[in-house]
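The values are calculated or read from the model by the stated rules, or taken from the named source; none is laboratory data. Since this is a predicted model, take the numbers as computed values, not measurements. Because the Cβ atoms are built from the backbone with ideal geometry, glycine has one as well, and the counts that use them run over all protein chains shown. These area figures cover heavy atoms from the full protein model, side chains too; ligands, DNA and RNA do not enter into them. Shrake-Rupley method; radii C 1.70, N 1.55, O 1.52, S 1.80 Å.
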Amino acid sequence: MTQPQPKAASVIKVTDRNGNKHELEAVEGWRVMEILRDYRMGIEGICGGSLDCASCHVIIDPKWADRLHPPREDEIDAMDELPLVEPTSRLSCQILWSDDLDGLELTIPQEV
Ligand code: FES
């Protein structure tokens, strides 16, 4: 009889504001903002995910953008406050991690 193998952790691939690359272990059910904040990637998540701060702004690698659910209108409205928005910009508090996102690549943009 074979032993059950421990499930491999899923990872987020992050480029930080200094251009350094990281692979962060991600936990299903957590918001991407929470994962980035807890790994001290410079994401504060000031409003706790209520779309009031946009401090959790990330840029999703274009090859992943279509694999995420599209942003809701209130997320798009919250990004209006940002000085620089890319076509694949998202607020990471609105992305709930699931293991099918394993390998997701994103960049934390420079603060302006
Ligand atoms: Fe405030 Fe995402 S944490 S908008």
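What accessible area, in Å² to the nearest ten, does a 1.4 Å probe give for Ser89?
Number for this one is 10 Å².
Report the label-to-label distance for Glu73 and Tyr39 in nanometres (one decimal), using points 7 Å from each Cα along the Cα→Cβ vector.
Placing both labels 7 Å along Cα→Cβ, they lie 3.4 nm apart.
Which value does Rg/Rh take for the range 41-92 over its C-alpha atoms, Rh per Kirkwood?
Using Cα coordinates only, the ratio equals 0.93.
Tell me, in nm to one decimal, what length is gained between Asp102 and Glu86 on full extension, where the rule is 0.36 nm per residue of separation less the Cα-Cα distance?
3.5 nm
Mind checking which of Leu51, Leu84, Leu24 has the largest fluctuation in a GNM of the chain, springs on alpha carbons under 10 Å?
Highest fluctuation among the options: Leu84.
For Lys21, Lys13, give me the order by solvent-accessible area with a 1.4 Å probe, most accessible first, ignoring ligands, DNA and RNA.
Result of the area sort, largest leading: Lys21, Lys13.
What are the ³J(HN,Hα) couplings of the range 56-65, residue after residue, when phi is run through the Karplus curve with 6.51, -1.76, 1.60 and θ = phi - 60°? Round to Hz, x for glycine and proline.
Values per residue, Gly and Pro as x: 9, 4, 9, 10, 7, 4, x, 6, 9, 4 Hz.
At 222 nm, what helix-only mean residue ellipticity would the chain give, in deg cm²/dmol to the nearest 500, using -39500 (n - 2.57) for each DSSP H run of four or more?
Calculated from helices alone, the mean residue ellipticity at 222 nm is -3500 deg cm²/dmol.
Based solely on C-alpha atoms, express the radius of gyration and the Dmax of the chain in angstrom.
In Å, with Rg to one decimal and Dmax whole: 14.5, 58.
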